[in-house]
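See below for the structure under consideration.
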Amino acid sequence: MSELKPFSKPALRLGVDLGGTKIEIIALDGSGHELLRRRVATPQGDYLGTVTAVAALVEEVENELGQRGSVGLGIPGAESASGGLIKNANSTCLIGKPLRRDLQTLLQREIRIANDANCFALSEAIDGAGQDADIVFGVILGTGVGGGIVVRERVLTGVNHIAGEWGHNPLPVSEEEELPPAACYCGRQGCVESWLSGPGLSADHQRHNGETLSPQAIEDRANQADAACAATLARYDRRLARALAQVVNILDPDVIVLGGGLSNMARLYANVPLLWSQYIFSDQVRTQLRCHQHGDSSGVRGAAWLWNGV
């Protein structure tokens, strides 16, 4: 294979979001304007088929636009710092595979890969809710809980490639109602994800009230003055405030941007900043809590922006 040459200042940035059910690609021009977008179904449990589908999407878009672009890829996992194989991936067929190497072989160029939460954070930091902020912490509150750190428009990955993985830290300052701590799929107990994910919110409501409701149903009923659902959301507010306060104490970001399905609860942006001050080691808290601007598009946009400032 010929030597891979990076793009110095790409005029065309291609971002690919590799999800469990779909693969999406976006093409951005040098100013970040969207030129086109495509998506196909992800070949289920088929690593070779997945790699081939990603490469085919890139080639299809480049042929349509008549130019070659840089390629960034967001994945539901991370590359191991030892050997570059994929780890911690929800799409299990990727685990232990040399995804970057195989895509570079097919596309004959350098590829950049980042965790999908990092891509979300980067997108919002470049031209979204965290635009112009020095330090942005991006949060995913959905089926799982993830996070990404962007410093001056660059993703911070860390020496172990796990920077921002706050979802598998224990929820701080445990309250009596949180004992014994909830079990997490990772094998630990009391993880932030086990409390603040969508399933975690539903499970907390079930533990207290004996009924199983979706997060949306809990919010809807709370808005209709259902006391039990209102109490469930109040517990959620407090837990999110405590978990984010821990991030502020360590990272001290300018902006925290929330994404994922639960981020659409408007109450969070009023309630959490009122609650987190008691846990933050400062006389004043200037960190701003904001809702995402690009929503579901942030992942694929952030993948394209992995080539920002190169």
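Bear in mind that the values in this text are calculations on the coordinates, not laboratory data. Just so you know, these numbers come straight off a predicted model, no measurement behind them. Cβ sites come from the backbone with ideal geometry, for glycine too, and all protein chains shown count toward neighbours.
Sorting F137, F281 on the 10 Å Cβ count, fewest up front, what's the list?
F281, F137
Rounded to the nearest 5, what % of the DSSP beta bridges within the chain are antiparallel ones?
Working: 28 of 47 bridges.
Given both bridge residues lie in the chain, the antiparallel proportion sits at roughly 60 percent.
Of the candidates Y185, Y279, Y236, which one comes out as most mobile in a Gaussian network treatment of the chain with C-alpha springs shorter than 10 Å? Evaluated over the chain, the most mobile residue of the options is Y185. Under 20 Å from a label point set 7 Å out along the Cα-to-Cβ vector of V173, the amide N atoms of region 265-295 belong to 267-290. Build a GNM of the chain with springs between Cα atoms under 10 Å apart, and of D116, D102, D17 the one that fluctuates most is D102.
Give the shape of region 1-134 as rounded, prolate or oblate, defined through the alpha-carbon gyration tensor: a ≥ b ≥ c are the square roots of its eigenvalues, a/c under 1.5 means rounded, and otherwise the shape is prolate if a/b is larger than b/c and oblate if not. Write out the running numbers ahead of the final one.
Numbers: a/c = 1.43, a/b = 1.19, b/c = 1.20.
In terms of gyration-tensor shape, rounded.
Put a dot 7 Å past the Cα of S214, heading toward its Cβ, do the same for R39, and the two dots end up 1.7 nm apart. Note: relative contact order over the chain, using C-alpha pairs below 8 Å and six or more positions apart, is 21 percent. Between G259 and V139, I140, L141, the built amide H atoms are under 5 Å apart, and every one of these is 5 or more places off in sequence or on another chain. Residues considered: S82, S277, S297. Largest GNM mean-square fluctuation over the chain, using C-alpha springs under 10 Å, is found at S82. Label sites at I95 and D283, each approximated as a point 7 angstrom past Cα along Cα to Cβ, lie 5.0 nm apart.
Taking every alpha-carbon pair under 8 Å whose residues sit at least 6 apart, region 129-292 reaches a relative contact order of 26 percent.
Extension gain, A230-A270: 0.36 nm per intervening residue step, less the Cα-Cα distance, totals 12.9 nm. Listed values for region 188-201 are Karplus-derived 3J(HN,Hα) couplings in whole Hz (6.51 cos²θ - 1.76 cosθ + 1.60, θ = phi - 60°), namely 8, 10, x, 5, 3, 4, 5, 9, 9, 6, x, x, x, 5, and x replaces Gly and Pro.
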